[in-house]
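What follows draws every value from the coordinates through simple rules; no lab data is involved. Source: prediction; values computed, not measured. Ideal geometry is used to build each Cβ from the backbone, glycine not excepted, and the neighbour counts take in all protein chains shown.
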Amino acid sequence: MTKATATQTESMSFAQLFEECSPVVNEGDVAVGTVIEVTDNFAIVDIGDKSESEISLSEFKTEDGQIEVKVGDVFDVFVEKREADGGLRLSREKAIGIKVWEDIAKIQEADGTILGRIDNRVKGGLSVDIGVPAFLPYSQIDLRPVKDLDALIGESFDFKILKYNRKRNNVVISRRAILEEERKSKREEMRANLAEGSIIDGTITNITDYGIFIDLGGMDGLCHITDLSWGRVAHPSKLFKVGEDIQVKVLKYDKETDKVSLGVKQLKADPWSTVEERYPVGAKSTGKVVSITDYGVFAELEEGVEGLIHISEMAWSKKTRHPSKLVSVGDEVEIMILNIDKDAKRISLGMKQLQPNPWDVVAEHYPVGSIIEGKVKNITDFGIFIGIEEGIDGLIHVSDLSWTERIKHPSEKFTKGQTIQAVVLKIDQENERFSLGIKQLEPDPWQETVEKYPLGSTITGKITNVTDFGIFVEVEEGIEGLVHVSEISKEKIETPVGMYNVGDSIETKVINVSAKDRKIGLSIKALTNDSDAGNYADYKQKQAASGPSTLGDLLKEEMENRGSDAE
């Protein structure tokens, strides 16, 4: 062997020796490992190095805490460190992370998507597992704000990568970007196919006071509250919920603005088109009270058909009562159809027509002159109201309370709830008036007064009042007569005030009496006239008995005698 050959042989042996002594992998490398054994705590992995290495079984746990690894499994591992004894510290999780970061870079560059699972809520958004923790801001979760974020936890979605920083281990992702792309594509398709009158499906995305917004798949449409139902809608939220799938009809589509007007009620026929056939005038039905006003109540006969029960058609009594005293919202009431205006969509209803009118039989039950008994329901300045029966009250006017007693206000004699008797005086069925009287329970004392105090009779009584126009004299208890100022004296008197006093006794003469007018006219002057006439008669009698007593009388008598002799 020559010297050159020997040198070559030594050189090859050294290279082989260097290769054998050099490590297969270095720190920071990612290598392929194969599981050759599984112990209680570790998986023994062969990556082709001089010796096998261990990986903790904790790196093979699934989400539910199970260990999933077996002999023969092949996967990438990351070489963290070569130990002093030549062994390697490996990490499967870090190898996965490195692979994920490589994929993140490629996906962002290609404007692709990556699958991730939402783990939990964090400040400003959600934490998503895409192999490494990623941040999903609130604004990038959906096209619209999501009310229940907790419902998304555990859900998996595709995401766009907005930006990343491997050194800071920071990734920002978006789901909204994907949804916007999908929406844009669907919008273009919808623009080409959407037509007024078409019926399509959608999902309610928002509810307001004036209607509901519906996602049609590529664009949003508004269904106004007036197009939700043929009936009354207090608030759209009473009928629908956000997230609910709904079928609607396209009422109008503006291609320039992409505004879509939708309707729900248009999916059904207008109930007013056949209302006259289903609710003929005079028919009886039932309705649900949906609204109460001062002038009546509105009752729903069916969805979209409401009628007004005017307050005058609720009860036979004409006594004004607020409708809320008779019914409440939600009550089911029996009604009669009174009138229908199909064009104006108005129906007049009545409740009282299904009840007998108490005024139709009141005259039979309570004939004029009969005596009834009832409780005082109300007291006014002009009289008292007595409850006769439901819907019927009788009025006792203040003038019919007493024949003789002066009553300034009925409350002086009566109280609410007091039970009293009265005589039926008059029944006005047309105006629903029932007149009663209490004084009629006893005879009218003025009828006796005419007989007891005839014209020309003399009455002595006490003065009860003195006015400018005359003197009131108590004839008997409850009955007064008036001496007019012109009947006080022959001389003209301006006023008797100051000439007579209340309580004084006075003698008068009856010059007028009327039971109908309930008046007695008295006179003091008439007594004086009677006295003068009596005095003159006495004088004439005395003169005749005694003869002439004056010169004139004697001359008169002489002339009378001469005349007699000449004859």
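A helix-only calculation puts the chain at -6000 deg cm²/dmol for mean residue ellipticity at 222 nm, using -39500 (n - 2.57) for each DSSP H run of at least four residues, averaged over all residues. Provide the percentage of antiparallel DSSP beta bridges, counting only those with both residues in the chain; round to the nearest 5. About 90 percent, rounded to the nearest 5. The relative contact order of segment 358-441 comes to 35 percent, based on Cα pairs under 8 Å that sit 6 or more residues apart. Amide H contacts of residue 388: 393, 394, each under 5 Å away and 5 or more positions distant or on a separate chain (H built 1.01 Å from N in the peptide plane; Pro and chain starts excluded).
Dipole of the chain computed with +1 at Lys/Arg Cβ and -1 at Asp/Glu Cβ about the Cα centre; of 149, 420, 481, farthest Cα towards the positive end is 149. Computed about the Cα centre, the dipole magnitude for segment 342-493 is approximately 680 debye when only Lys and Arg (+1) and Asp and Glu (-1) carry charge, each at its Cβ. Taking amide H as placed 1.01 Å from N in the peptide plane, the amide H of residue 461 sits under 5 Å from that of 506, 508, each at least 5 places away or on another chain.
Database remark: amide H of residue 349 closer than 5 angstrom to the amide H of 308, 309, 310, 338 (H placed geometrically; neighbours at sequence offset of 5 or more, or on other chains; Pro and chain starts carry no H). Annotation: peptides 349-358, 431-440, ranked by per-residue average of other Cβ atoms within 10 Å with the highest first, follow the order 431-440, 349-358.
The phi-based Karplus calculation (6.51 cos²θ - 1.76 cosθ + 1.60; θ = phi - 60°) puts the 3J(HN,Hα) values of segment 246-257 at 8, 9, 9, 10, 6, 8, 7, 9, 9, 5, 6, 9 Hz, whole numbers, x for Gly and Pro. Rounded to the nearest 20, the size of the Cβ-charge dipole of the chain about its Cα centre is 860 debye, with Lys and Arg at +1 and Asp and Glu at -1. Estimated from the Cβ-Cβ distance and a Förster radius of 35 angstrom, the FRET efficiency linking residue 370 and residue 431 is about 0.95. Between the Cα long axis of helix 3-21 and the first principal axis of the chain there is an angle of about 20°, rounded to the nearest 10. My understanding is that a pair violates if its Cα-Cα distance is over 20 Å; which of 106/163; 147/249; 147/186; 238/259; 439/462 do that in this structure? Correct reply: 147/249; 147/186; 238/259; 439/462.
Rounded to 0.05, the FRET efficiency of the residue 419 and residue 499 pair, given R0 = 45 Å and the Cβ-Cβ distance, is 0.40. For the set 375/416; 184/265; 325/352; 284/352; 426/452, the pairs lying more than 19 angstrom apart at their alpha carbons are 184/265; 426/452. When you restrict to C-alpha pairs under 8 Å that are six or more residues apart and normalise by the size of the chain, the relative contact order lands at 5 percent.
Taking a ≥ b ≥ c as the square roots of the eigenvalues of the Cα gyration tensor, segment 194-267 is prolate, since a/c reaches 1.5 or more and a/b is larger than b/c. Using a/c under 1.5 as the rounded threshold, could you call segment 23-109 rounded, prolate or oblate? The axes a ≥ b ≥ c are square roots of the C-alpha gyration tensor eigenvalues, and prolate needs a/b larger than b/c, oblate otherwise. Oblate shape, in that a/c is at least 1.5 and b/c is the bigger or equal ratio.
Grab the beta carbon distance between residue 201 and residue 363, set R0 = 56 Å, and tell me the FRET efficiency rounded to 0.05. Using R0 = 56 Å, I get an efficiency of 0.25. Placing pseudo-labels 7 Å out from each Cα toward the beta carbon at residue 235 and residue 512 gives an inter-label distance of 7.6 nm.
Each residue of segment 143-153 is assigned a 3J(HN,Hα), and the resulting list reads 5, 10, x, 9, 6, 10, 5, 4, 5, 8, 4 Hz, derived from the Karplus form 6.51 cos²θ - 1.76 cosθ + 1.60 (θ = phi - 60°), x at Gly and Pro.
Between [x] 66; [y] 77; [z] 55, which matches percent of Cα pairs over 31 Å apart calculated for the structure shown? Of the labelled values, this structure produces [y].
Between residue 44 and residue 224, 0.36 nm times their residue separation minus their Cα-Cα distance comes to what?
58.0 nm
Derived scalar couplings between HN and Hα for segment 386-396 equal 10, x, 8, 7, 4, x, 10, 10, x, 10, 9 Hz in order, rounded to whole Hz, by the Karplus curve 6.51 cos²θ - 1.76 cosθ + 1.60 (θ = phi - 60°), x for Gly and Pro.
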